[in-house]
């Protein structure tokens, strides 16, 4: 069994929060576009906001892909040619993203 300490748990919490922000930024895109479409009624402004907002999820997902595992130091979501941003455990050492409270004691 993998021993979990507080620093590893803190790093895993950062990865979890970053993934949550990535999903929020991706799912907020149609809502943002609808709001700006109703407020401005301008295709030029809507195009500008759409292109600008498209970079926000790309940047956040890029950070998700580059997360390092706090246990082994390798990429949490990726192997050499395979990347899984939805992985629930490290693809190298197998440490789970969600740690049970019992494992902390």
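Just a few scattered comments:
- A single member of 47, 52, 86 is closer than 26 Å to residue 30 by Cα and part of a loop (DSSP other than H, G, I, E, B), and it is 86.
- Within the set 86, 47, 79, 27, the sole residue that is more than 11 Å from the chain's Cα centre (by Cα) and at pLDDT below 85 turns out to be 79.
- Scanning the stretch 55-83 for residues that are touching a residue at least 24 places away in the same chain (Cβ under 8 Å) and part of a loop (DSSP other than H, G, I, E, B) gives 67, 69, 70, 71, 76.
- Test result for residue 27, under 30 Å from residue 74 (Cα atoms), free of Cβ contacts under 8 Å to residues at least 12 places away in the same chain and either surrounded by 14 or more Cβ atoms within 10 Å (Cβ to Cβ) or out of contact with any helix residue (DSSP H, G or I) (no Cβ under 7 Å at 6 or more places or on another chain) (or both): yes
- Scanning the stretch 53-62 for residues that are exposed (fewer than 14 other Cβ atoms within 10 Å of the Cβ) and in contact with a helix residue (DSSP H, G or I) (Cβ under 8 Å, 6 or more places away or on another chain) yields one hit, 54.
- Pairs, first farther than 25 Å from residue 23 by Cα in the stretch 35-53, second surrounded by 10 or more Cβ atoms within 10 Å (Cβ to Cβ), C-beta under 8 Å, six or more apart: 40/46
- When residue 70 is tested against the conditions (1) crowded, with 16+ Cβ neighbours inside 10 Å; (2) within 14 Å of the chain's Cα centre (by Cα); (3) modelled with pLDDT under 90, the lone failure is (2).
- You will find that of 22, 10, the residue that is in a helix (DSSP H, G or I), modelled with pLDDT under 90 and either over 10 Å from the mean Cα position of the chain (by Cα) or closer than 16 Å to residue 88 by Cβ (or both) is 10 and no other.
- Residues that are within 27 Å of the chain's Cα centre (by Cα) and surrounded by 14 or more Cβ atoms within 10 Å (Cβ to Cβ) within the stretch 30-42 comprise 32, 33, 36, listed in sequence order.
The values are calculated or read from the model by the stated rules, or taken from the named source; none is laboratory data. Every value quoted in this text rests on a predicted model; they were computed, and no experiment measured them. Cβ atoms come from the backbone with ideal geometry, glycine included; neighbour counts cover every protein chain shown.
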